[in-house]
Amino acid sequence: AAWAQWVQWRRARFCAGVERKGRIKKDIDTQMGELRDIIITIGEHISAIETGRRYVVPQLAASIRTLVYWNGRKSYNPLLLRMAAHLELPLPMYAGLKRNPMPGEPQAWVKSNWPSMEREAPVQELVDLQEWLQADVLIRRVAGQVRHYSANDVIHAFASTAGGGHSDDSEPVEGAYLRSLRTAETNAMSEMILEAGSLCFSLGQYILANVK
(Lines give C-alpha, C1' and ligand atoms only; values in the text may rest on other atoms or scores of the structure.)
Protein backbone atom coordinates (compact mmCIF):
# COMPACT_ATOMS: atom_id res chain seq x y z
CA ALA A 1 0.00 0.00 0.00
CA ALA A 2 1.11 3.58 -0.64
CA TRP A 3 1.15 4.40 3.08
CA ALA A 4 3.60 1.58 3.93
CA GLN A 5 6.49 4.03 3.52
CA TRP A 6 4.96 6.30 6.15
CA VAL A 7 4.59 3.42 8.61
CA GLN A 8 8.29 2.67 8.17
CA TRP A 9 9.21 6.37 8.30
CA ARG A 10 7.41 6.88 11.62
CA ARG A 11 8.86 3.68 13.04
CA ALA A 12 12.41 4.82 12.24
CA ARG A 13 11.98 8.34 13.66
CA PHE A 14 9.63 8.12 16.61
CA CYS A 15 10.18 4.77 18.32
CA ALA A 16 13.76 5.09 19.53
CA GLY A 17 13.16 8.31 21.44
CA VAL A 18 15.85 10.77 22.46
CA GLU A 19 17.73 10.23 25.71
CA ARG A 20 18.02 13.51 27.63
CA LYS A 21 19.82 14.11 30.88
CA GLY A 22 17.54 14.30 33.92
CA ARG A 23 14.53 12.76 32.13
CA ILE A 24 12.88 9.33 32.45
CA LYS A 25 11.27 7.64 29.46
CA LYS A 26 7.52 7.05 29.82
CA ASP A 27 6.09 3.58 29.29
CA ILE A 28 3.62 2.95 26.45
CA ASP A 29 0.60 2.70 28.77
CA THR A 30 1.32 6.19 30.13
CA GLN A 31 1.69 7.62 26.63
CA MET A 32 -1.51 5.94 25.44
CA GLY A 33 -3.28 7.44 28.46
CA GLU A 34 -2.04 10.88 27.42
CA LEU A 35 -3.30 10.27 23.88
CA ARG A 36 -6.71 9.24 25.25
CA ASP A 37 -6.94 12.41 27.35
CA ILE A 38 -6.01 14.70 24.46
CA ILE A 39 -8.48 12.98 22.11
CA ILE A 40 -11.26 13.52 24.67
CA THR A 41 -10.22 17.19 24.95
CA ILE A 42 -10.22 17.59 21.16
CA GLY A 43 -13.70 16.08 20.98
CA GLU A 44 -14.95 18.59 23.57
CA HIS A 45 -13.32 21.49 21.70
CA ILE A 46 -14.90 20.42 18.39
CA SER A 47 -18.32 20.20 20.04
CA ALA A 48 -17.82 23.66 21.52
CA ILE A 49 -16.82 25.15 18.16
CA GLU A 50 -19.77 23.53 16.38
CA THR A 51 -22.13 25.20 18.87
CA GLY A 52 -20.65 28.64 18.27
CA ARG A 53 -17.90 28.85 20.91
CA ARG A 54 -15.13 29.58 18.44
CA TYR A 55 -12.87 31.11 21.10
CA VAL A 56 -11.57 27.58 21.80
CA VAL A 57 -10.03 27.25 18.29
CA PRO A 58 -6.53 28.29 19.53
CA GLN A 59 -6.69 25.63 22.27
CA LEU A 60 -7.74 23.07 19.66
CA ALA A 61 -4.75 24.10 17.53
CA ALA A 62 -2.40 23.63 20.49
CA SER A 63 -3.72 20.08 21.05
CA ILE A 64 -3.29 19.28 17.35
CA ARG A 65 0.28 20.55 17.45
CA THR A 66 1.01 18.20 20.35
CA LEU A 67 -0.32 15.27 18.33
CA VAL A 68 1.07 15.78 14.82
CA TYR A 69 3.44 18.74 14.36
CA TRP A 70 6.98 17.78 13.41
CA ASN A 71 9.63 20.02 11.85
CA GLY A 72 12.54 17.60 11.47
CA ARG A 73 14.18 18.22 14.84
CA LYS A 74 14.89 15.27 17.11
CA SER A 75 13.32 17.11 20.03
CA TYR A 76 9.91 16.98 18.28
CA ASN A 77 8.18 13.66 18.92
CA PRO A 78 4.43 14.23 18.30
CA LEU A 79 2.18 11.96 20.33
CA LEU A 80 -0.26 10.64 17.72
CA LEU A 81 2.49 9.93 15.17
CA ARG A 82 4.60 8.31 17.90
CA MET A 83 1.80 5.97 19.06
CA ALA A 84 0.96 5.02 15.48
CA ALA A 85 4.65 4.18 15.03
CA HIS A 86 4.72 1.94 18.11
CA LEU A 87 1.69 -0.01 16.84
CA GLU A 88 3.00 0.06 13.23
CA LEU A 89 -0.30 1.50 12.04
CA PRO A 90 -1.02 3.51 8.90
CA LEU A 91 -3.01 6.71 9.32
CA PRO A 92 -5.46 6.47 6.39
CA MET A 93 -7.69 9.34 5.28
CA TYR A 94 -8.99 10.88 2.06
CA ALA A 95 -7.87 14.12 0.44
CA GLY A 96 -7.63 15.77 -2.96
CA LEU A 97 -4.00 16.83 -3.17
CA LYS A 98 -3.26 17.06 -6.89
CA ARG A 99 -4.80 20.33 -8.07
CA ASN A 100 -2.35 23.25 -8.46
CA PRO A 101 -3.12 26.92 -9.13
CA MET A 102 -3.12 28.10 -12.72
CA PRO A 103 -0.84 31.05 -13.70
CA GLY A 104 -3.79 33.46 -13.81
CA GLU A 105 -5.18 32.58 -10.37
CA PRO A 106 -5.10 35.06 -7.45
CA GLN A 107 -1.97 36.29 -5.73
CA ALA A 108 -2.82 34.17 -2.68
CA TRP A 109 -4.62 30.89 -3.20
CA VAL A 110 -6.04 28.69 -0.44
CA LYS A 111 -6.42 24.95 -1.00
CA SER A 112 -8.78 23.03 1.26
CA ASN A 113 -7.67 19.63 -0.12
CA TRP A 114 -11.03 18.22 1.05
CA PRO A 115 -9.67 16.19 3.99
CA SER A 116 -12.06 13.61 5.46
CA MET A 117 -12.12 10.12 6.95
CA GLU A 118 -14.56 8.83 4.31
CA ARG A 119 -14.50 9.53 0.58
CA GLU A 120 -16.87 12.40 -0.18
CA ALA A 121 -15.80 13.52 -3.68
CA PRO A 122 -14.27 11.91 -6.81
CA VAL A 123 -11.18 14.14 -6.52
CA GLN A 124 -10.24 12.56 -3.19
CA GLU A 125 -7.76 9.71 -2.94
CA LEU A 126 -6.66 7.50 -0.07
CA VAL A 127 -3.55 8.97 1.59
CA ASP A 128 -1.69 8.86 4.88
CA LEU A 129 -2.28 11.72 7.33
CA GLN A 130 1.31 12.85 6.89
CA GLU A 131 0.82 13.32 3.15
CA TRP A 132 -1.99 15.76 3.93
CA LEU A 133 0.06 17.49 6.63
CA GLN A 134 2.86 18.13 4.13
CA ALA A 135 0.59 19.20 1.26
CA ASP A 136 0.07 22.85 0.33
CA VAL A 137 -2.89 24.65 1.86
CA LEU A 138 -1.75 28.16 0.98
CA ILE A 139 0.13 29.33 -2.10
CA ARG A 140 1.19 32.98 -2.25
CA ARG A 141 2.82 35.04 -4.95
CA VAL A 142 5.08 37.60 -3.27
CA ALA A 143 7.43 39.88 -5.23
CA GLY A 144 7.22 37.58 -8.23
CA GLN A 145 8.04 34.46 -6.23
CA VAL A 146 5.69 31.61 -5.34
CA ARG A 147 5.69 30.47 -1.71
CA HIS A 148 4.09 27.28 -0.48
CA TYR A 149 2.72 26.64 3.01
CA SER A 150 1.59 23.24 4.27
CA ALA A 151 -1.10 22.21 6.74
CA ASN A 152 1.79 21.50 9.12
CA ASP A 153 2.98 25.12 8.78
CA VAL A 154 -0.51 26.50 9.45
CA ILE A 155 -1.05 24.32 12.53
CA HIS A 156 2.23 25.49 14.02
CA ALA A 157 1.66 29.16 13.18
CA PHE A 158 -1.86 29.23 14.63
CA ALA A 159 -1.02 27.25 17.78
CA SER A 160 2.09 29.34 18.45
CA THR A 161 0.76 32.87 17.87
CA ALA A 162 -3.01 32.87 18.42
CA GLY A 163 -3.01 32.10 22.13
CA GLY A 164 -3.00 28.31 22.01
CA GLY A 165 0.60 27.81 23.12
CA HIS A 166 1.35 31.46 23.88
CA SER A 167 0.22 34.84 22.56
CA ASP A 168 2.47 37.08 20.45
CA ASP A 169 2.00 40.70 19.41
CA SER A 170 2.66 39.70 15.80
CA GLU A 171 1.88 36.75 13.54
CA PRO A 172 3.21 35.22 10.31
CA VAL A 173 2.06 36.85 7.07
CA GLU A 174 0.43 33.63 5.84
CA GLY A 175 -1.49 33.32 9.10
CA ALA A 176 -2.77 36.88 8.87
CA TYR A 177 -3.93 36.27 5.31
CA LEU A 178 -5.85 33.12 6.25
CA ARG A 179 -7.49 34.86 9.19
CA SER A 180 -8.64 37.63 6.84
CA LEU A 181 -10.56 35.23 4.57
CA ARG A 182 -13.81 35.46 6.49
CA THR A 183 -17.07 33.75 5.67
CA ALA A 184 -20.34 34.37 7.54
CA GLU A 185 -19.24 32.91 10.89
CA THR A 186 -15.69 31.65 10.48
CA ASN A 187 -12.45 32.10 8.57
CA ALA A 188 -10.20 29.94 6.44
CA MET A 189 -7.58 29.24 9.11
CA SER A 190 -10.17 28.23 11.70
CA GLU A 191 -11.73 25.86 9.18
CA MET A 192 -8.36 24.21 8.52
CA ILE A 193 -7.78 23.79 12.26
CA LEU A 194 -11.26 22.29 12.68
CA GLU A 195 -10.63 19.88 9.79
CA ALA A 196 -7.30 18.85 11.31
CA GLY A 197 -8.95 18.40 14.70
CA SER A 198 -11.63 16.13 13.27
CA LEU A 199 -8.97 14.01 11.57
CA CYS A 200 -6.91 13.75 14.76
CA PHE A 201 -10.00 12.83 16.78
CA SER A 202 -10.94 9.98 14.42
CA LEU A 203 -7.38 8.71 13.95
CA GLY A 204 -6.70 8.92 17.68
CA GLN A 205 -9.75 6.74 18.37
CA TYR A 206 -8.54 4.33 15.70
CA ILE A 207 -5.11 4.05 17.37
CA LEU A 208 -6.62 3.53 20.82
CA ALA A 209 -8.95 0.83 19.44
CA ASN A 210 -5.89 -1.08 18.22
CA VAL A 211 -4.15 -1.18 21.60
CA LYS A 212 -3.96 -4.78 22.78
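Would any residue of the stretch 189-212 have its amide N under 18 Å from a label point 7 Å out along Cα→Cβ of Ile40? List them or say none. Answer for the stretch 189-212: 201-211. Looking at the stretch 3-95, the accessible area is 55 square angstrom per residue; that uses a 1.4 Å probe and ignores ligands, DNA and RNA.
The residues Cys200, Cys15, sorted by heavy-atom accessible surface at 1.4 Å with ligands and nucleic acids left out, run Cys15, Cys200 from largest to smallest. Applying 1/(1 + (r/R0)^6) with r as the Cβ-Cβ distance of Leu89 and Asp169 and R0 = 30 angstrom yields a FRET efficiency of 0.15.
Heavy-atom surface analysis with a 1.4 Å probe gives the stretch 111-161 a carbon and sulfur content of 49 percent of its accessible area.
Rolling a 1.4 angstrom probe over the stretch 48-95 with all protein chains present gives an accessible area of which 47% lies on carbon and sulfur atoms.
Taking all protein chains as shown and a probe of 1.4 angstrom, Ser160 keeps an accessible surface of around 10 Å². The residues Leu87, Leu81, sorted by heavy-atom accessible surface at 1.4 Å with ligands and nucleic acids left out, run Leu87, Leu81 from largest to smallest. When Asp128, Asp37 are compared by accessible area of protein heavy atoms, the largest-first order is Asp37, Asp128, using a 1.4 Å probe.
The values are calculated or read from the model by the stated rules, or taken from the named source; none is laboratory data. All values derive from a computational prediction rather than experimental measurement. Cβ sites come from the backbone with ideal geometry, for glycine too, and all protein chains shown count toward neighbours. The protein model used for the area step is the full one, side chains on, heavy atoms only, and it has no ligands, DNA or RNA in it. Shrake-Rupley method; radii C 1.70, N 1.55, O 1.52, S 1.80 Å.
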